[in-house]
């Protein structure tokens with residue numbers, strides 16, 4: 001007695017005769033799922049960025065409110081990186097235990113709530129503690145959403161990570177634009193940031209609804225709490241270090257730099273980050289097309305050259321306009337570097353979240369010393385000397401970009417034609433709801 005054919009699958013013909021074509025319905029369903037996931041993960045990146053952009057425009061306010069010196073502010077700004085470095089390795093365990101969708105949703109909500117807390121600090125010790133929590137929640141959410149992005153990229157079959165980080169930059173631009181408005185209106189940051197956080201929290205659940213709920217197989221062991229990154233992650237992370245130093249320096253210090261060294265007003269100083277975030281967002285949104293045309297290695301080399309040119313403009317700036325132009329060029333140059341390091345890590349092994357956590361831990365650990373380094377050099381010499389260090393770091397991208405070409409990359413879209421994306425569909429059947 002023969003078993004009935006599985007639903008949706010045609011009965012094979014006699015041997016030697018042409019076999020019926022497999023149904024394309026499962027591929028169409030999978031393609032629709034991937035499209036929904038791409039929209040959802042893009043929204044997650046934008047929300048994460050909006051919380052970050054809102055905060056950084058209030059750093060000069062925070063410095064004035066607590067009466068912090070340049071060195072003290074640099075020390076305080078090291079604590080987000082400490083928190084991220086400690087917490088990031090735990091993100092893969094959260095994903096393993098709760099599934100990808102719930103992990104992204106919960107960690108994103110925690111990060112948004114924590115982003116409003118540092119401005120409530122009454123003194124330096126409280127500020128450091130709240131910035132530690134700020135970094136821990138931001139870092140874990142960062143790993144979870146990038147792991148989701150790599151999974152969607154693999155199923156989509158084309159580079160999308162630069163575009164996702166572009167949406168993060170759009171979020172930071174939106175948040176920073178609101179921050180500039182709040183500064184211009186002389187709105188107390190203790191009223192501004194909690195309101196922004198409350199509005200962003202309302203968007204978390206609908207934004208996460210379409211995410212892929214990737215879960216481990218039943219016999220897959222939980223990731224260790226802490227593990228040394230593999231050699232490949234160390235090399236990829238070294239490239240990320242250069243970009244993170246430039247990005248973190250521009251995010252945290254551009255406003256202070258223009259205010260102190262070019263005589264910019266508080267509003268113009270806050271707008272320097274907006275210029276940086278704008279150019280970074282535009283470059284990331286078009287970055288996937290550039291990567292497909294030039295490849296990751298040439299893209300990063302060209303970007304490193306542009307960022308170094310921007311650094312030179314910043315270091316030699318005597319007026320706010322030149323400094324803003326320099327920060328804008330830095331944003332263009334480093335825009336796709338971090339997305340490409342995460343993509344290279346995620347495609348380099350069987351566990352994207354662990355690989356991404358390894359690279360992210362390296363880069364965020366480097367950013368642990370970056371604010372302190374910039375502040376210390378600024379205290380001992382000048383902030384111009386600090387950004388000379390940033391300029392050298394961006395120039396090193398030209399040399400180190402080659403390590404990003406060693407990993408595999410997606411090459412064909414899922415279900416774009418009958419038979420396309422079948423391997424991605426097979427993986428999806430076993431790992432996602």
message: Cβ neighbours within 10 Å, averaged per peptide: list 359-366, 109-116 in order, most packed at the top.
response: 359-366, 109-116
query: In what sequence do 48, 165, 96 fall when counting other Cβ within 10 Å, fewest first?
result: 96, 48, 165
Peptides ranked, highest mean first, by Cβ atoms within 10 Å: ranges 388-395, 86-93, 133-140, 258-265: 133-140, 86-93, 388-395, 258-265
task: Round to a whole angstrom and tell me the spacing of the C-alpha centers of region 170-218 and region 95-151.
output: 12 Å
task: Consider all pairwise Cα distances in region 25-212 and report the whole-number % of them above 20 Å.
output: 55 percent
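A short reminder: the numbers here are calculations on the coordinates, not readings from a lab. Worth saying up front: this structure is predicted, and the values here are computed from it rather than measured. Ideal geometry is used to build each Cβ from the backbone, glycine not excepted, and the neighbour counts take in all protein chains shown.
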